[in-house]
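First up is the structure itself, then whatever we jot down about it.
Just so it is clear, none of the values below were taken in a lab; they were calculated from the coordinates. Since the model is a prediction, treat every value here as computed from it, not as a measurement. Glycine gets a Cβ as well: all are built from the backbone with ideal geometry, and neighbour counts include every protein chain shown.
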Amino acid sequence: MRNATISMSLLIPVSAQAAPDPVKSEGSVMTNHESWKLYEKYLGAWNTTSIEERLKIATDVLSENIEYQTARYDLCTGRSQVIEDMATFHERFPGGHFEIGDVSSHHNVAVLTWVIIQADGKEFARGLDQIAVDRNGQISKITTFAPSVKDPN
């Protein structure tokens, strides 16, 4: 067949060809190691009982206008809800803390497993956080998933 080879660029509108990749332009490219270290610092805010230290860490790692969504909350904006949830965690799990289970990242997004460890050292639950990081290296979005179930019935 003559002229059967068509350049894919001919099938894509010029405006779409020139547009930058929105994921790459919004944030930093993170390795698994970088994602782990940032999330570890973030969990440090969850794990401290010092309100001052919690605010300091949150200001350092969370974007001022962070988008935060959990099973309990629709999407909200700003650090205050995240910081309030940190305080609630200490009321519900005195002496408890979070650990990281695993990480997978690409571009500016990572999925990390969080593990709640009770004061007696026993694991209470595991869930997932999806984070996105902005150009400044701060977490700009967190979507928290409650523990998964093997049988949804």
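How large is the dipole of segment 23-145 about the Cα centre if only Lys and Arg carry +1 and Asp and Glu carry -1, each at its Cβ, rounded to the nearest 20 debye?
Values: 12 positive and 18 negative charges, 28 e Å.
It comes to approximately 140 debye.
Roughly speaking, what is the stretch gain from residue 74 to residue 50, that is 0.36 nm per residue apart minus the C-alpha to C-alpha distance, in nm to one decimal?
On the way: separation 24, 0.36 × 24 = 8.64 nm, distance 2.74 nm.
Contour length minus the Cα-Cα distance gives 5.9 nm.
If each residue's Cβ is checked for other Cβ atoms within 10 Å, how do 122, 56 rank with the fewest at the top? Intermediate values should be presented prior to the final figure.
On the way: 122 9, 56 14.
Fewest-to-most Cβ neighbours within 10 Å comes out as 122, 56.
With +1 on each Lys and Arg Cβ and -1 on each Asp and Glu Cβ, and nothing else charged, work out how big the dipole of segment 61-120 is about its Cα centre, in Debye to the nearest 20. Can you show the working numbers first?
Details: 3 positive and 9 negative charges, 7 e Å.
For this selection, approximately 40 debye.
Please order 115, 133, 149 by the number of other Cβ within 10 Å, starting at the fewest. Walk me through the numbers before you get to the answer.
On the way: 115 17, 133 25, 149 7.
If I rank by nearby Cβ atoms, fewest first, I get 149, 115, 133.
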